[in-house]
1. Over region 126-255, what is the percentage of antiparallel beta bridges among all DSSP beta bridges, to the nearest 5?
2. If the reach is capped at under 18 angstrom between alpha carbons, list the lysines near residue 45, excluding any in the same chain fewer than eight residues apart.
3. In terms of Cα to Cα distance under 18 Å, which aspartates and glutamates are near enough to residue 147, apart from those fewer than 8 places away along the same chain?
4. Which distance in Å, rounded to a whole number, links the C-alpha centroids of region 114-148 and region 23-64?
5. Order 84-96, 68-80, 198-210 from most to least packed using the mean count of other Cβ atoms within 10 Å.
6. Can you give me the pair-distance distribution of region 103-255, C-alpha pairs, 10 Å bins, whole percents?
7. Can you report the principal axis dimensions of region 139-196 using only the alpha carbons, biggest first, rounded to whole angstrom?
8. Taking every eigenvalue of the Cα gyration tensor of the chain, multiplying by 5 and rooting it, what semi-axes result, largest first, whole Å?
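Read-outs: derived from the displayed coordinates by stated rules, not from any lab. Predicted model only: the values in this text are computed from it and were never measured. Glycine also receives a Cβ, built like all others from the backbone with ideal geometry; neighbour counts cover every protein chain displayed.
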Amino acid sequence: MTAEGGLRLRGLRKSFGAMAVLRGVDLDVAPGEVVCVIGPSGSGKSTLLRCVNHLEPLDAGFVQVDGLLVGYEPRDGRLHESSERDTARARLRMGMVFQQFNLFSHLSALRNITLGPVKVLGRDPAEVEAEARELLARVGLAGHADKLPGQLSGGQQQRVAIARALAMRPSVLLFDEPTSALDPELVGEVLAVMRDLADQGMTMVVVTHEIGFAADVADTVVFMDEGVIVESGPADRVLRHPDSARTAAFLAHVR
Ligand code: ADP
Ligand code: MG
């Protein structure tokens, strides 16, 4: 990858009390690459995403997005916390889509999408609204702009959440099990939107149990266990011919 583009994780460590949850994670995600992260419950996948976008502070290591350090800067051979302004600027390069959607329940689908670009980026409300309507159409919800989250299905809410993330024009999207809170019949519509984004060249890191999606859409599959990346490589290779017995055992269990 180029020095400037994509996502670079180096030596990420994170403990909660005595429990080491990330024990040295290195990963590069090139612009346009789709990385699916798989692994057992409790292996540190959500913590990884939360540390990458600085929702959780790191104990050690660093994250770079588009060449910008996220939350830390090296000085005197050590990492120091960046200014709030620099941290905010780096974090804006990343969009996050959560398992539980996290929409504002008192705001319409449209307002959920326009809030960030208007309030955080200070963009022109009329222009943002036009763009939000285009985004709603892109995720198949053109007729639903004025509905509240409670009036939408889980699959529709998650598609609004994806549109909301896109409205901030991020260079990387992070997904934390975006379909695991959905009824089975609603999973496909969300995965289809994600597949379109991948086809359009979006850089994505997707924590998922959807092995079929990973096989079809991911460039790279990463298997995590106990806070480390056990193996990573081309999706086809890792999913069909894993190097590690732990990966093979996990895949046998989830398929
Ligand atoms: P995964 O997403 O792979 O299921 P998580 O990153 O959610 O794993 O959790 C990894 C471990 O860290 C689990 O044992 C979990 O209980 C613990 N953990 C996660 N977040 C916190 C937290 N804020 N405080 C304490 N323990 C946490
Ligand atoms: Mg998780």
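1. Working: 6 of 11 bridges.
So the antiparallel bridges amount to about 55 percent of the total.
2. Straight-distance partners of residue 45: 14.
3. Cα-Cα hits under 18 Å: 129, 131, 134.
4. 29 Å
5. 198-210, 84-96, 68-80
6. 10, 36, 30, 17, 7, 0
7. Projected onto its principal axes, the Cα set of region 139-196 covers 30, 26, 17 Å.
8. Numbers: eigenvalues 167, 115, 49 Å².
The equivalent ellipsoid of the chain has semi-axes of 29, 24, 16 Å.
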